[in-house]
Structure formats: C-alpha cells, structure tokens
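Colleague: One structure, pasted below without further comment.
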Amino acid sequence: GVYQIDARVPGNHWESSTAIVTITDLALTTKRHRDGIVVWVTSLETGGAVAGVEIAAMSASNQNLARAKTDVDGLARLAIPEKHPDGSPWAIFAQLGEDRSYRILDRVNWMFDDVELGGRAIPRTYDVFLYSERGVHRPGDTAYLTGVVRDAEGATPAAFPLEVRVFRPDGKKIDTLIAI
C-alpha cells in the first residue's frame, strides 16, 4: 500500500522529515493515446502480467474519469475523451485485494524538440567516459572516479597513460592527474 512516513526529533518540531512510501507488487506502465490510456500491470516479484487489477484514472480534482480491470495479459484500457468535462487524467490508481499502487502522469515531459537527434560524431581516436561513485559531493569530500575508454572501433585499447584535468565549477583548472 501507500504510506506517509513522518520522522521527528522528540521535543523539537522544527526538525522533521516526511516521505511517501509505496510497498507494492504492482508495477504500472502507462501509455496515453488519443482515446484514453492503456495500463499494463506486472508483478515486481515475478515479472509476469497481473490479471484482475482494478484500475482507476483520476483527475487532479479527485474526479473518477474511467475504471477498468486488467485482462489476462495485465492490460486495462481506459476510454477517456480528450476534453473530459472533469479534466484530464492526473494519476492512475491500481488495487488488487489489499495491494495498492499508483502512478502520477505527466511528471516528465519526454518530448525533446530542442535536442539534436542525429547523435554525435564517431570518435577518431579514443572515447572516454568518466564518472564518480555518487552524484553529489560536499566540499571537502574525496571524489573517486572510474571510467571507460574505447578506441574508434569501440574496443578496449591496451593500457596507456591518460591525462585527467580537474576544473572547479567556475572553470579554473585546479589539478592535472595521470591515470594509467
């Protein structure tokens, strides 16, 4: 089910944190189309389709826009007119017995009109990708880098020294390292 977790420091109401946690076996995949939404429900434990799940599409004002049950393939088709009088779909809710799950729609816009879709040029010598062990570092933290080096054909080249230049966010060079 879906739970709200509140953590507070006893005697100090200013120090607290809240999180919404979903513990479920119901994985929801949604696909919008002109006449509504297709919902595919699979089991997180087995990866298989889940039949008989009650699905509801709700608006942001908590109006029920459509209901359906998943078939043997785990699919439910929700017919929702494009200009529904109660608004557009905001979230999909799923329930099978006591197990509940949900998916908020349109959190991420995957239409990237301003992104070059042709890809980048194939490297003529080497292609290097470096990354750290985590995404955020605080001032004073040690950042450990690892990476992948490929030649122009995509193969792993023989070992050779690699110069790594380290820059601050303001563009000032702070170090040069040699990696072998």
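The values are calculated or read from the model by the stated rules, or taken from the named source; none is laboratory data. Quick caveat, the model's predicted, so the values are computed rather than measured. So basically every Cβ, Gly included, is an ideal-geometry build from the backbone, and we count neighbours across all protein chains shown. Side chains are part of the model used for accessible areas, which takes the heavy atoms of the whole protein and leaves out ligands, DNA and RNA. Shrake-Rupley method; radii C 1.70, N 1.55, O 1.52, S 1.80 Å.
Colleague: Under the rule of at least 5 residues apart or a separate chain, name every residue whose amide H is placed under 5 Å from the amide H of residue 36.
Modeller: Counting only residues 5 or more places away or on other chains, the set is 80.
Colleague: Which part of region 67-87 falls in the paramagnetic zone of residue 49, meaning amide N under 13 Å from the point 7 Å along Cα-to-beta-carbon?
Modeller: Only 70-77 pass the distance filter.
Colleague: Continuing with this model, one more query. Could you tell me, in Å, what Rg and Dmax come out for the Cα atoms of the chain?
Modeller: Rg then Dmax for the chain, in Å: 24.6, 66.
Colleague: Further question: How big, in percent, is the set of alpha carbon pairs in region 11-66 lying more than 19 Å apart? Could you put the intermediate results ahead of the total?
Modeller: Working: 809 of 1540 pairs.
It works out to 53 percent of all Cα pairs.
Colleague: Using θ = phi - 60° and the Karplus form 6.51 cos²θ - 1.76 cosθ + 1.60, what ³J(HN,Hα) does each residue of region 166-180 get, whole Hz, x for Gly and Pro?
Modeller: After applying 6.51 cos²θ - 1.76 cosθ + 1.60, I find 10, 10, 6, x, 7, x, 6, 6, 10, 6, 10, 10, 10, 10, 10 Hz.
Colleague: Let me ask another. Using modelled backbone amide H atoms (1.01 Å from N, in-plane), which distant-in-sequence or interchain residues come within less than 5 Å of residue 90's amide H?
Modeller: 58, 59, 60
Colleague: Here's a follow-up. Using the crude model of +1 on Lys and Arg Cβ and -1 on Asp and Glu Cβ, and no other charge, please compute the dipole size for the chain relative to its Cα centre, in debye to 20. Intermediate results must be reported in sequence, preceding the final value.
Modeller: On the way: 20 positive and 24 negative charges, 68 e Å.
Computed about the Cα centre, the dipole is about 320 debye.
Colleague: Ok, one more. Report ³J(HN,Hα) in whole Hz for each residue of region 88-96, in order, from the Karplus equation J = 6.51 cos²θ - 1.76 cosθ + 1.60 where θ = phi - 60°; Gly and Pro get x.
Modeller: 8, x, 10, 8, 10, 10, 10, 8, 9
Colleague: With just the Cα atoms defining each centre, how far is region 17-70 from region 116-172? Give it in Å.
Modeller: 39
Colleague: Here's a follow-up. Would you mind finding the longest exposed-site-free stretch of the chain, with exposed GluC sites (Glu not before Pro) meaning DSSP loop and at most 15 other Cβ atoms within 10 Å? All intermediate terms of the calculation are to be shown ahead of the outcome.
Modeller: On the way: sites that count: 45, 82, 98, 116, 133, 153.
In short, 1-44.
Colleague: Quick one: accessible area per residue over the chain, 1.4 Å probe, rounded to a whole number of Å²?
Modeller: Accessible area per residue, the chain: 77 Å².
Colleague: Now, a different point. Once you mark the trypsin sites (Lys or Arg not before Pro) that are in a DSSP loop and have at most 16 other Cβ atoms within 10 Å, what is the longest gap between them in the chain? Walk me through the intermediate numbers first.
Modeller: Numbers: sites that count: 34, 83, 107, 120, 124, 134, 172.
In short, 35-82.
Colleague: So, with a 1.4 angstrom probe, what is the percent of accessible area on region 25-102 that is carbon and sulfur?
Modeller: Values: 2300 of 4590 Å².
About 50 percent, which is the carbon plus sulfur part of the accessible surface.
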